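The values are calculated or read from the model by the stated rules, or taken from the named source; none is laboratory data. Note that the coordinates shown come from a computational prediction; the quantities given were computed from them, not determined experimentally. FYI the Cβ positions are ideal-geometry reconstructions off the backbone, even for glycines, and counts take in every protein chain you see. Quick note on the areas: whole protein, heavy atoms, side chains included, nothing else; ligands and nucleic acids left out. Shrake-Rupley method; radii C 1.70, N 1.55, O 1.52, S 1.80 Å.
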Amino acid sequence: MILQQQIDDIAYYLKTSDVIDFGYQHSHEIIDLSNGIKANSESEIDYIKKTFEYVRDSISHSADIRGSVVTCRASDVLKAKEGICYAKSHLLAAMLRCVQIPTGFCYQRLILNDESSPHLVLHGLNAVYISSLAKWIRLDARGNKHGVNAQFSLEQEQLAFTVRTEKGEEDIPIIFANPDGNVVRALTESKNLDALWTNLPAELSRAV
């Protein structure tokens, strides 16, 4: 699949925002953590790999731990140490952007659960620009478990889920500069995780 930037100017993939809230005017914890990982990294690629693995493995997916909070802002995800796929993608973007690594947001439309909830919802992940290779790669920090094995790869991407086109699932090839509005709305308006599961968006708020 050929990935396409939503915005040609790559500077838009470095910006901070209310959701991607890194920097000392927002959350110094994100920048401190990122600098600590960077100090122990051998290269930009090694830093990206270690940061991806940190978010994947050290930040729990709320569904896997039957979590108690709904997080959205990157700083809140880091503080709570949990979030669903969208929220974890916000934190990964913040940690990479704060050291000037362009990072965007990608989405898939997947069946939530084949048996109990056989309807399509958006799944969130990231695209990261590898400057030394002059290309974007997708990374899925959702968190691994039985049947889910997402890994860092520069060549053959290994995401959390394989799209099953025969069931109506699809990859959306756009790299967005900001989290989708429907995604942010679901996270910020859901009072608890039970409400969030019923509010998961099926469509992007913007045309693609």
Which one of these is among the hydrophobic types (A, V, I, L, M, F, W, C), open to solvent by less than 10 Å² (accessible area, probe 1.4 Å) and in contact (Cβ under 8 Å) with a residue 40 or more places away in the chain: Ile101, Ile111? Ile101
Filter result (touching a residue at least 40 places away in the same chain (Cβ under 8 Å) and more than 18 Å from the chain's Cα centre (by Cα)) within region 171-192: Ser190, Lys191, Asn192
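A quick yes/no check of all residues on (1) surrounded by 13 or more Cβ atoms within 10 Å (Cβ to Cβ); (2) modelled with pLDDT of 95 or more:
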| residue | (1), (2) |
| --- | --- |
| Leu125 | yes, yes |
| Lys145 | no, yes |
| Pro179 | yes, yes |
| Leu200 | yes, yes |
| Val208 | no, no |
Per-region count, region 50-74, residues modelled with pLDDT of 95 or more, farther than 23 Å from Asn149 by Cα and surrounded by fewer than 21 Cβ atoms within 10 Å (Cβ to Cβ): 1
Which residue pairs have Cβ atoms under 6 Å apart, sit 6 or more places apart or on different chains, and have a first residue in region 41-64 that is among the basic types (Lys, Arg) and a second that is open to solvent by 30 Å² or more (accessible area, probe 1.4 Å)? Lys49/Phe152
When the residues of region 147-177 are filtered to those that are part of a strand (DSSP E or B) and polar (S, T, N, Q), which remaining residue is surrounded by the fewest Cβ atoms within 10 Å (Cβ to Cβ)? Gln158
Checklist (1) of a type in the set (D, E, K, R); (2) touching a Gly at 6+ places or on another chain (Cβ under 6 Å); (3) under 17 Å from Phe152 (Cβ atoms) applied to Glu82, failing item: (3)
Output the residue which, of all residues in region 127-137 that are over 22 Å from Ile31 (Cβ atoms) and either among the hydrophobic types (A, V, I, L, M, F, W, C) or in contact with a Gly (Cβ under 7 Å, 6 or more places away or on another chain) (or both), is surrounded by the most Cβ atoms within 10 Å (Cβ to Cβ). Trp136
